[in-house]
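Working notes for the structure below.
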Amino acid sequence: MLAALPVLFAAHQLDEAFVWWGLQGNVASVVGRVALWAYLLFAFVVLPVYVPTAVWAVEPAGWRRSAMVAFIGLGAVVSGLLLDAMVRGPVTARLAHYHLSYGTGLHSGVVIVAAYVVATCGSLIFSGYGDIALFGVVNLVAVAVLARLEIDGFASLWCGWAAITSAAIALHIRFGRPHTSLAHTAT
């Protein structure tokens, strides 16, 4: 699951291109609307559960892996709340400078976004694998910087950042040494 993230993020960014083109009138509006829903379903509903589950799946048996279940549960709650906001609508996207601005009519957005960050970045940081934990820290810093720079385009910019930096995951999978989890070295 973890190794698939770079491909999934790449497809996610390709999908966002269709959202962008739909808003510009370069593709049929129905194509842009379907792309919008696909983009948000992946970002808001799939990722908050997928990321902590992927980290859980690579962790060796032990207390860290058991504790990862809390991140998965939090991600599931976040996913449910964001899906509910999408279904209730309205679901919108608008062109902005260098990004798209998405809207769902979400209430308590700051709390839910914070829980999203804890579920995704927190699970990475909590990993016993140093490379994965470092990836989580870097992404947490990026979240803070992106939110400070452009809160209006946060979802678009963070997903773009994740797509680019997910190459680090591919490098970890390819070149990381097996059994280098902190769980193995601490015992």
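Bear in mind these aren't lab numbers, they're just calculated from the coordinates by the rules spelled out. Note that the structure is a prediction, hence the values are computed from the model and not measured. As a convention, Cβ positions derive from the backbone with ideal geometry for all residues, glycine included, and neighbour counts pool all protein chains shown.
Fully extending the segment from Arg174 to Ala10 would add 57.2 nm, taking 0.36 nm per residue of separation and subtracting the current Cα-Cα distance. Taken as Cα centroids, segment 5-36 and segment 96-133 sit 21 Å apart, rounded to the nearest whole angstrom.
Compute the distance in nm between two label points, each set 7 Å from the Cα along the Cα-to-Cβ direction, one at Leu134 and one at Ile164. About 1.9 nm, to one decimal. Rounded to 0.05, the FRET efficiency of the Ala28 and Ala67 pair, given R0 = 45 Å and the Cβ-Cβ distance, is 0.45. Using θ = phi - 60° in the Karplus curve 6.51 cos²θ - 1.76 cosθ + 1.60, the 3J(HN,Hα) couplings for segment 8-20 round to 5, 5, 5, 5, 4, 5, 4, 4, 5, 4, 5, 4, 4 Hz; x is entered for Gly and Pro. Can you tell me how the chain classifies by the Cα gyration tensor, rounded, prolate or oblate, using a/c under 1.5 as the rounded cut? The shape class here is prolate.
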